[in-house]
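Below: one structure, written as structure tokens.
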Amino acid sequence: MIATAPVKYSVLSKNQMIERMKSLHDELMKIKKQRDRLKHKVDTLGSTITLHENDHHDFIQIIAEGENIAKTPFQRLFWEQQAEAAKKTSRGMRWHPLMIRWCILLRHHSQKAYETMRHCVSLPSQRTLRDYTHHIKARPGFSDEVDQQIRNAAQISSIEERERYSVLLIDEMHIREDLVFDKHT
């Protein structure tokens with residue numbers, strides 16, 4: 001880097017100004033190249049950490065022990081899913097429906113908290129959750145698709161007659177100001 005002292009441009013000759021601009025331009029180009037190299041390095045590193053082989057085995061052992069200390073069925077399922085996710089790539093993971101529902105609930109409470117948790121443990125991506133929550137296209141009024149799903153759920157032969165009744169409960173809701181209902185309108 002060229003050390004340049006602050007100079008009033010009004011006292012410089014035309015040739016000195018041109019020379020000064022060239023040196024500043026060269027310095028700027030060097031800084032941009034350095035920035036691009038660092039940006040490329042960060043992009044190639046990504047958000048993953050490569051563990052040493054021993055550390056990887058220790059991590060798998062910790063997850064396996066987590067399955068043994070799980071007290072509830074959901075905790076057991078959670079640890080099983082974590083162990084499975086540790087062995088697979090993010091695209092190859094098939095999440096249990098209960099995990100998907102739990103993650104949708106977490107994301108509903110706070111998207112930032114959900115993303116923070118994804119840095120600590122393996123959880124489905126935002127896109128996966130969106131695919132589950134946007135299965136039926138939302139539109140104003142009553143939906144025939146939703147009605148059909150309710151009818152299908154009520155016709156399951158394994159449930160008793162008294163469990164087949166459905167209740168439609170409508171409640172007021174608050175919609176965030178910046179929320180877009182339909183991106184096509």
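Judged by the mean number of other Cβ atoms found within 10 Å, the most tightly packed of the peptides 145-152, 75-82 leads the ranking 75-82, 145-152. Compactness of region 53-133, taken as the C-alpha radius of gyration over 2.2 N^0.38 Å, stands at 1.11. Full extension of the chain between residue 40 and residue 130 yields a length gain of 29.4 nm, computed as 0.36 nm times the residue separation minus the alpha carbon distance. In plain terms, the residue of 170, 100, 136 with the fewest other Cβ atoms within 10 Å comes first and the most crowded comes last, giving 170, 136, 100. Positive end of the dipole of region 53-133 (Cβ unit charges, origin at the Cα centre): among 79, 116, 59, the Cα lying farthest that way belongs to 116.
Here, each number is a calculation from the coordinates, and none is a lab measurement. Please read all numbers here as calculations on a predicted model, not as lab measurements. Don't worry about glycine lacking a Cβ; one is built from the backbone with ideal geometry, like all the others, and counts go over all protein chains shown.
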